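Heads up: the structure comes next, in C-alpha cells.
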Amino acid sequence: MTEKTVAIPDLIASTCRDTLGFADLRGDEDFFDRGASSLTIVELQIQVETLLQVRVPTSKLMAAPTIDGWAGIYEAAAAELA
C-alpha cells in the first residue's frame, strides 16, 4: 500500500470539511443526509480528483456517497493506475 492509498480517506474527509463545511462527518455518513446536493457532490469530486489525479465516473460516487465508499472507489482506481 502506498502513502497515496493510505491517505485517501483522510484526503476525502478534509476535502469534505473544506469544500462542503462538513467538519464532523463520519466515514459511513451519507453526504446527502448531511444536506449535499448532486451539484455539491460533483464539486467535491472535482476537488478530490484534482488532488489525487485519479478519475472515476460520477455515477459510482453517487451510488456510494460516504467517505468510506469514495475511499474504496478511489483506492481501486489508483491501484489500476499503479
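The values are calculated or read from the model by the stated rules, or taken from the named source; none is laboratory data. On a predicted model such as this, the values are computed, not experimentally measured, just so you know. Here the Cβ is made from the backbone with ideal geometry for all residues, glycine too, and neighbour counts use every protein chain on show.
Kindly check whether there is at least one residue in segment 42-51 that is surrounded by 13 or more Cβ atoms within 10 Å (Cβ to Cβ), under 14 Å from Pro9 (Cβ atoms), more than 9 Å from the chain's Cα centre (by Cα) and modelled with pLDDT under 95.
Checking segment 42-51: at least one residue is surrounded by 13 or more Cβ atoms within 10 Å (Cβ to Cβ), under 14 Å from Pro9 (Cβ atoms), more than 9 Å from the chain's Cα centre (by Cα) and modelled with pLDDT under 95.
Just name the residue that is nearest to the chain's Cα centre (by Cα) out of those in segment 1-26 that are more than 15 Å from Leu44 (Cβ to Cβ) and either modelled with pLDDT of 90 or more or assigned to a loop (DSSP other than H, G, I, E, B) (or both).
Filtering first and then ranking leaves Arg26.
Please name all residue pairs, on different chains or six or more residues apart, with Cβ atoms under 8 Å, provided the first residue is in segment 1-28 and is under 26 Å from Ala79 (Cα atoms) and among the small types (Gly, Ala, Ser) and the second residue is modelled with pLDDT under 90 and surrounded by fewer than 13 Cβ atoms within 10 Å (Cβ to Cβ).
Final answer for the pair search is none.
Only one of these conditions is not met by Trp70: (1) outside any helix (DSSP H, G or I); (2) surrounded by 18 or more Cβ atoms within 10 Å (Cβ to Cβ). Which number is it?
Evaluating Trp70 over (1) outside any helix (DSSP H, G or I); (2) surrounded by 18 or more Cβ atoms within 10 Å (Cβ to Cβ) leaves (1) as the failure.
Determine, yes or no, whether Thr58 is among the hydroxyl-bearing types (Ser, Thr, Tyr) and over 15 Å from Leu11 (Cα atoms).
The answer is yes for Thr58.
From the list Leu39, Leu61, which one is modelled with pLDDT of 95 or more, in a helix (DSSP H, G or I) and loosely packed, with under 13 Cβ neighbours inside 10 Å?
Step by step, each of Leu39, Leu61 is checked, and only Leu39 is modelled with pLDDT of 95 or more, in a helix (DSSP H, G or I) and loosely packed, with under 13 Cβ neighbours inside 10 Å.
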